[in-house]
Amino acid sequence: MEPVPARRWQKVLYERQPFPDNYVDQRFLEELRKNVHARQYRYWAVVFQSGAVVQQLCSVCVFVLTWWYMDAGMLSPQGLFGAALVSSLLGYVLFDAVDGGAGRWESGRTRWADLKSTLVFAAFTYGFSPVLKTLTESISTDTIYAMSALMLLGHLIFFDYGANAAIVSSTLSLNMAIFASVCLASRLPRALHAFVMVTFAMQIFALWPMLQKKLKARTPQCYVGVTVLFALAALAGLATISSVGAVLFASLLLTISCLCPYCLIRLQLLKDNIHGPWDEAEIKEDLSRFLM
């Protein structure tokens, strides 16, 4: 009489088997997979993506420097308004020239509509500039500075750097930056200063990032060059006020653009996510039809 072969364990629940519920055989670890969905990064690609953070830090730095120069009387509102107007016109032309007007054609927006929006914004801002100037007279200057710093910090936190995260909110980020500009503009000498300051804030926090995103998508080499020049301009302006601040800010930019990408690449080597038969089941079929 031949011996009865041992029954082989099967990974099923609908059959009764002579094994305990938590039993697994030697094939259990054969399905082990490591870092299945891990994303491999390249150093210079990460450095390139960090340019968005560098750009926004420099934008905040340039904005604060401009306010400081106006508050100290070293920069006239007429001079700032003229420079902002010229740079806006150049940026407007460059924005259309980068893609040959394809983006404007897809959106269906005309130049006349852009001009009307600009005139309406300028008219309302100029009309309410006396109100903006006296809006925070009952609030102490230290409180204004603290609120402005917190708002600018929030602007940097919630800004859309290209990451798909729940914390990203372009609207909230822009509103916080404009709120900070209104707070700081209320401490300037005249209503004209407040008008120019708020207008400049809209330009550097709303229009400038739009141009940068298009340059990044269409002409990466130009984007890198503009980022480097913008960072050097911010550092040069900061050096006229504080050499120590310029060194610290340069260290911050180098850390974000060079050291942090290196640390990310090194930490990726230590990534060890495991996948196998113990993972929870995932329903990949579209079940939305059952919700109708």
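The values are calculated or read from the model by the stated rules, or taken from the named source; none is laboratory data. All figures in this text were calculated on a predicted structure; none of them were measured in a lab. Methodologically, a virtual Cβ is constructed for each residue, glycine included, from the backbone with ideal geometry; neighbour enumeration extends over all protein chains shown. For the accessible areas, the whole protein counts, side chains as well, though only heavy atoms, and no ligand, DNA or RNA atoms are used. Shrake-Rupley method; radii C 1.70, N 1.55, O 1.52, S 1.80 Å.
Listing for the model above:
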quantity: One residue from Ala84, Ala97 being exposed (fewer than 12 other Cβ atoms within 10 Å of the Cβ) and either among the small types (Gly, Ala, Ser) or not in a helix (DSSP H, G or I) (or both); calculated: Ala97
quantity: Gly73 vs. criteria of a type outside the set (Asp, Glu), exposed (fewer than 13 other Cβ atoms within 10 Å of the Cβ) and not in a helix (DSSP H, G or I); calculated: yes
quantity: Among the candidates Ile139, Ile178, Ile204, residue that is open to solvent by 30 Å² or more (accessible area, probe 1.4 Å) and in a helix (DSSP H, G or I); calculated: Ile178
quantity: Residues satisfying the stated conditions in the range 145-180, i.e. more than 14 Å from the chain's Cα centre (by Cα) and among the small types (Gly, Ala, Ser); calculated: Ala146, Ser148, Ala149, Ala180
quantity: From Thr110, Thr134, residue being of a type in the set (Val, Ile, Thr) and touching a residue at least 40 places away in the same chain (Cβ under 8 Å); calculated: Thr134
quantity: Tally of residues being outside any helix (DSSP H, G or I) and charged (D, E, K, R) across the range 102-119; calculated: 1
quantity: Pair list, Cβ under 8 Å, 6 or more apart: the range 233-255 residue at negative phi, other residue aromatic (Phe, Trp, Tyr) and open to solvent by 40 Å² or more (accessible area, probe 1.4 Å); calculated: Ile241/Trp68
quantity: Some residue of the range 160-174 being of a type in the set (S, T, N, Q) and in contact (Cβ under 8 Å) with a residue 40 or more places away in the chain; calculated: no
quantity: Count of the range 11-47 residues which are at pLDDT 75 or above and part of a helix (DSSP H, G or I); calculated: 5
quantity: Pair list, Cβ under 7 Å, 6 or more apart: the range 195-219 residue in contact (Cβ under 8 Å) with a residue 24 or more places away in the chain, other residue of a type in the set (S, T, N, Q) and open to solvent by 20 Å² or more (accessible area, probe 1.4 Å); calculated: Gln203/Ser88; Leu207/Ser88
quantity: Positions within the range 184-194 being part of a helix (DSSP H, G or I), among the small types (Gly, Ala, Ser) and either free of Cβ contacts under 8 Å to residues at least 40 places away in the same chain or out of contact with any His (no Cβ under 9 Å at 6 or more places or on another chain) (or both), in sequence order; calculated: Ala191, Ala194
quantity: Members of the range 158-175 found to be open to solvent by less than 30 Å² (accessible area, probe 1.4 Å) and part of a helix (DSSP H, G or I), listed by number; calculated: Ser173
quantity: Among (1) loosely packed, with under 15 Cβ neighbours inside 10 Å; (2) under 17 Å from Ile241 (Cα atoms); (3) not polar (S, T, N, Q) - the single one Leu65 does not satisfy; calculated: (1)
quantity: When residues of the range 48-61 are limited to those that are of a type in the set (Val, Ile, Thr) and open to solvent by less than 30 Å² (accessible area, probe 1.4 Å), the one nearest to Tyr161 (Cα to Cα); calculated: Val54
quantity: Qualifying residues in the range 218-241 (those that are closer than 17 Å to Gln56 by Cα and of a type in the set (Gly, Ala, Ser)) - the one surrounded by the most Cβ atoms within 10 Å (Cβ to Cβ); calculated: Ala234
